[in-house]
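Right, one structure below, let's go through it.
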Amino acid sequence: MYCTVVTSSKSPGIGNGLTYEVTQGKLVPGQSVRVPLRSRLVDGIVLAVSEAKAESEYDMKQVAEILGNQPLLTQPTLETARWIAKYYCCSLRSALGVWLPPAPWTNALPKSVIGYSKAIAGDALLRSKKQQAILEVMHGKEWVSRQQLLHESGASASVVQTLVKKGMLREERRVEDTLTQATSEHRSRLKAIPILSPSQEEVYVSMKNDARPSLLFGITASGKTEIYARMIVDTVRAGKQAILLLPEILLTEHFIERFQELLSADSIAVIHSHLSEVQRREEWRKIRRGDVSLVIGSRSALFSPLPDIGLIILDEEHEWTYKNEQTPRYHARETAEKLCQFSKAKLVLGSATPSLESWARAKAGLYHLARLPTRYREQPLPTVRLVDLADVEFGNNYPLSPTLIEAIRERLNRKEQSVLFLNRRGVASALLCLQCRRRVICPESQLPYTIHHSQSGKPYLLDHTTGMMADVPATCPHCGSVRLHSIGAGTQRVEILLGRLFPTARIIRADSDTMQHPDDMRTLLSRMRKNEADILLGTQSVVKGLDLPEVTLAAVLVADVGLSLPHFRAGERIFQLLTQLTGRSGRSKPGEVIIQTFRPEAPEIAAAAKHETEKFLENELKMRIYGGYPPASIIVRLISRGDDAEKHAKKAYAQAISAGLKLRNETKVTVAPTLFGGGKVWHVLLRGADPQSLLSSIDLKELTVDVDPVETV
């Protein structure tokens, strides 16, 4: 027997596995082994097993040791890892690495655990209360681990040893995998079944009866979470497990609280980046044993080693944070779809503002489209007011307009709450003409310039897409007006301004400086729900998924910051943010939204103000198709870094041009390479129907390959 083994060694050139001979024991794919590599033994995962010997010019070494009786990774996991390696152009070691806890991988193997079984039946011997407590825990059980016995009885280890010496308990070791009792017993710890409204029930039934991935397109506060809950309960009752992915770990607090009402707390695992290596490894082992029915977490939770996945949910599926920016550069949405395909599981993508990719697939019939067009309990959507910032006299209060200041004051007087939103790039990033309302754009890419400053402090314009630079003009290139204005603001500055305007107001600032751990979000939610705060000011974390009943005013301070990003997705992103923001207001009582903008007639802003999500998606999709951008095409970004970044990038660009010419001649497929960058970072963008087909003709040794990049600058 022969096997392909992916080793934990990071040596270049062997990332896709090595072939070994198996002379003793039986192997299955996914199993952990120890194999010789050069002069040492290393951990490995068996990727494939074959009876036929592979052709090799080298002497084939033998597997040194088979570790454990069961595979660490399931067959659907291995198939998904192969797909990740192929689609995202990385090694199999990198693709498998996301499924495993931190090295060494042998630490993930089942432990040998000390436990006890009853050696004498009956209650004839005299015992202390602690001894009685121990035997009560043992009652009806064949075997109990030492940790569980001490925890549940409250007794000390010396009391347990006394019973062992008396011959009442028998001490023995067992492998950890055998500790879990019937998993169906654990998974059946359901506390309640969610009750759905008639409209939610109709959507739930349609999703349940359709095997395709489902796009749950529900406006904010329409009750998508309750449908998730019902589907999770169904999955657990069927003896399978579910994964719920969230765009940010800070949002887990809301969901954990809800699902602990349905499932026992110990059957829910939370996976996020703040876990230590030891914590992550222990959670991994717990999940693999089958002790967990539901995993909640950010994108990395997708790779939890659940034995039998039945359901994967991506909440806010449109969010860019589902894209990993380190190798392997996977997107959780695409990867989840493949994992569900290999696991025969259901995929649910939920959003009030679906991504163009998911919308296009739903329109093409690849996804099942389920709509929730009204809010829960028929609560009306908030009214929306647009404030034209070009006509505002700010005084010293920029970016707070008199309209917004008065609206905040009204909420303070009524003891209601306000949410104020600043886009994540809260700096002056674009140049806008206040006369014609156009941004200064690069003539080559037709995307907005970004304002930068030289070391001497002199401002200049830079197009991150093409690398084109320009001086800051004295007049607008479109209309000749001198009313050019750089747009942007920062949360700290606004917090100080709010404190000056409303000295008695209780203000919470939520940005990357103040929200670094899930506990921070727990504190924020608690203060808001207890009415211990009046104004919540923040970046994107205040827009996503927060259910705050006392919020009756939501406002975006400068909507144009998002519109000015030099990216073909800029309009889609700001529309999503504005629409999500409207969902924070008026959830239990009439609400209002104020959008401050220099461009009130921009399609993205106008559509968000009118709650016209579907109309915006249709128009944006037509523009993407016309311009040849995703989802009408695929983009591959090649990133070159270091002292020779420019040389390697230009070499790749030339190779892409040559390969593209051949491709066009042979298959009539257009691939348009673009070269841009500067200093120690350069980029080559390949855009077309099949840009991956060019990669075999490009020297990728000094490049990072990023397929379907969220950022292209």
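Some notes on this structure:
Residue-by-condition table, conditions (1) assigned by TED's automatic domain parsing to the domain that holds Y228; (2) closer than 19 Å to L246 by Cα; (3) not polar (S, T, N, Q):
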| residue | (1), (2), (3) |
| --- | --- |
| D266 | yes, no, yes |
| L275 | yes, yes, yes |
| V292 | yes, yes, yes |
| I296 | yes, yes, yes |
| L314 | yes, yes, yes |
| E319 | yes, yes, yes |
| T327 | yes, no, no |
| T335 | yes, yes, no |
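- Any chance L381 is closer than 20 Å to N209 by Cβ and not in a helix (DSSP H, G or I): no
- Enumeration of residues in the stretch 38-51 that are under 30 Å from E702 (Cβ atoms), surrounded by fewer than 17 Cβ atoms within 10 Å (Cβ to Cβ) and touching a strand residue (DSSP E or B) at 6+ places or on another chain (Cβ under 6 Å): none
- Inspection of the stretch 52-68 identifies no residue that is within 26 Å of F342 (Cα to Cα) and crowded, with 21+ Cβ neighbours inside 10 Å.
- Out of N397, N413, sole residue that is modelled with pLDDT of 95 or more, of a type outside the set (D, E, K, R) and under 30 Å from P503 (Cα atoms): N413
A quick yes/no check of all residues on (1) in contact with a strand residue (DSSP E or B) (Cβ under 6 Å, 6 or more places away or on another chain); (2) buried (at least 21 other Cβ atoms within 10 Å of the Cβ):
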site: L537; (1), (2): yes, yes
site: Q540; (1), (2): no, yes
site: T552; (1), (2): no, yes
site: L557; (1), (2): yes, yes
site: Q576; (1), (2): no, yes
site: R599; (1), (2): no, yes
site: I605; (1), (2): yes, yes
site: K610; (1), (2): no, no
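- For the stretch 23-33, a tally of residues being buried (at least 18 other Cβ atoms within 10 Å of the Cβ) and in contact with a strand residue (DSSP E or B) (Cβ under 6 Å, 6 or more places away or on another chain) returns 5.
- For the stretch 131-180, a residue qualifies if it is farther than 30 Å from T106 by Cα and assigned to a strand (DSSP E or B), and exactly one does: L169.
- When the test is whether a residue is surrounded by fewer than 18 Cβ atoms within 10 Å (Cβ to Cβ) and at pLDDT below 95, E618 does not pass it.
- Residue ranges of strands (runs of 3 or more DSSP E) in the stretch 502-586 with at least 1 members free of Cβ contacts under 8 Å to residues at least 40 places away in the same chain and over 21 Å from the mean Cα position of the chain (by Cα): 507-510
- When C90 is tested against (1) buried (at least 19 other Cβ atoms within 10 Å of the Cβ); (2) more than 30 Å from the chain's Cα centre (by Cα); (3) among the hydrophobic types (A, V, I, L, M, F, W, C), only condition (2) is not met.
- The residues listed here are A390, A370, A362; of these, the one that is more than 20 Å from I605 (Cβ to Cβ) and part of a helix (DSSP H, G or I) is A362.
- Failed item, numbered, when T335 is tested on (1) among the hydroxyl-bearing types (S, T, Y); (2) part of a loop (DSSP other than H, G, I, E, B); (3) within 24 Å of S214 (Cβ to Cβ): (2)
- Those strands (runs of 3 or more DSSP E) of the stretch 1-86 in which at least 1 residues are among the acidic types (D, E), considering only elements entirely within it, cover 18-21, 40-50, 65-67.
- Flag for S293 being touching a residue at least 24 places away in the same chain (Cβ under 8 Å), surrounded by 20 or more Cβ atoms within 10 Å (Cβ to Cβ), within 28 Å of M515 (Cα to Cα) and out of contact with any Cys (no Cβ under 9 Å at 6 or more places or on another chain): no
- When L553, L557 are checked against the criterion of being under 27 Å from L372 (Cα atoms) and either at pLDDT 90 or above or not assigned by TED's automatic domain parsing to the domain that holds T383 (or both), a single residue qualifies: L553.
The values are calculated or read from the model by the stated rules, or taken from the named source; none is laboratory data. Being a predicted model, the structure only gives us computed values, none of them experimental. Don't worry about glycine lacking a Cβ; one is built from the backbone with ideal geometry, like all the others, and counts go over all protein chains shown.
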